[in-house]
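All remarks here apply to the structure that follows.
The values are calculated or read from the model by the stated rules, or taken from the named source; none is laboratory data. Everything numeric here is computed off the predicted structure, so don't read it as measured data. Here the Cβ is made from the backbone with ideal geometry for all residues, glycine too, and neighbour counts use every protein chain on show. Areas reflect the complete protein model, heavy atoms only, side chains present, ligands, DNA and RNA absent. Shrake-Rupley method; radii C 1.70, N 1.55, O 1.52, S 1.80 Å.
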Amino acid sequence: MTSGGFFTSEEASQGLTGSIAGVASTKEAAPKPIRVTIDPAVCGQSLPDESILADAAGHLANVIVTVAGVKSGAPAETIVSNEKCAFVPRVSTMRPGGALKMTSKDPMLHTMHAAAPDGRAFFNISIPMPNVTLSRPIDKAGLATLSCSTHTWMRGYLLVTDERSVVTGKDGKFQIDGVPPGTYDLRIWHEALKAPPAKVVVKTGETAAVELTLAR
């Protein structure tokens, strides 16, 4: 095992790692739809408020699960698109030193404003037309909030971290492979709901199961 809890590909191929798999859920009700105030021909008259996006069983999407102390690999990029006046994906992760690529499928002007939790702006750029891709590097770890100054209801979130992180899908499920054996704290992030850190024990060649319940 290398320093910082990161296994080499050779060690992983020898089966010296385990996995963490689970599901996030909530009993909180979905927010009311958002009333559209500009460009209804593209955006629609209203949009679902995806700040709490859960299925009929309460399985919760857009939860970031991070394994504290387990490092990611080389820098990578992520792509966020403007689609019908929403950021897709709404929540994503990226390792420091990677690039945020921004594009649009909408036939009008969007802006992409990225800000730190304290309000400090990383950048603010315009995406004037569809099928144009712009890229900006992000070197420092932290949470960036994405917004559009034209369509003020639009929100997105990008966690920049060098620790192993995943985002739950629409079914609330997540899986993290290649985790060294040991006991770990899972840090849980959601834009509107909370959950305490969860402790998990990972064993070689096994999958540790986790159930996460989030609430206000």
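Beta bridges assigned by DSSP with both partners in the chain are antiparallel in approximately 75 percent of cases. Label the range 26-152 by shape, choosing from rounded, prolate and oblate, from the square roots a ≥ b ≥ c of the eigenvalues of the Cα gyration tensor; if a/c is under 1.5 it is rounded, and otherwise prolate applies when a/b is larger than b/c, oblate when it is not. In terms of gyration-tensor shape, oblate. For the chain, Cys148 stand unpaired, since no other cysteine beta carbon lies under 4.7 Å from theirs.
Listed by chain and number, the aspartates and glutamates placed with their C-alpha closer than 20 angstrom to that of Lys71 are Glu10, Glu11, Asp139, Asp162, Glu163, Asp177, Asp185, Glu206; residues fewer than eight positions away on the same chain are left out.
With label points built 7 Å along Cα→Cβ from the Cα atoms of Asp55 and Ala41, find their separation and express it in nm. About 3.7 nm, to one decimal. Its Cα centre serving as origin, the range 36-154 has a Cβ charge dipole (Lys and Arg +1, Asp and Glu -1) of approximately 400 debye. On a per residue basis, the chain carries 50 Å² of accessible surface, using protein heavy atoms and a 1.4 Å probe. Remark: the Thr207-Ala76 segment gains 44.6 nm on full extension, using 0.36 nm per residue and subtracting the alpha carbon distance. In terms of accessible area, using a 1.4 Å probe and ignoring ligands and nucleic acids, Phe174, Phe122 rank largest first as Phe122, Phe174.
Extension gain for Lys199-Ala21 works out to 62.8 nm (0.36 nm per residue, less the C-alpha to C-alpha distance). Under the criterion of Cα pairs below 8 Å and six or more residues apart, the relative contact order for the chain equals 30 percent.
For the chain, the carbon plus sulfur part of the accessible surface works out to 53%, probe radius 1.4 Å.
Across the range 92-180, Cα-Cα pairs more than 20 Å apart make up 42 percent of the total. Straight-line reach from Lys84: taking Cα to Cα under 14 Å and skipping same-chain neighbours fewer than 8 places apart, the aspartates and glutamates in range are Asp39, Asp49, Glu50, Asp106. Take the Cα of Ala215, step 7 Å toward its Cβ, do the same at Ala29, and the gap between the two points is 1.7 nm. Placing a label point 7 Å from the Cα of Asp139 along the Cα-to-Cβ direction, the residues of the range 85-118 with a backbone N closer than 11 Å are 97. For Arg164, the accessible surface of its heavy atoms amounts to roughly 40 Å² (probe 1.4 Å, protein chains only, rounded to the nearest 10). Charge dipole (Cα centre; +1 on Lys/Arg Cβ, -1 on Asp/Glu Cβ; no other charges) of the chain amounts to roughly 420 debye.
Legend: Rg and Dmax of the chain, from Cα coordinates, 18.4, 56 Å.
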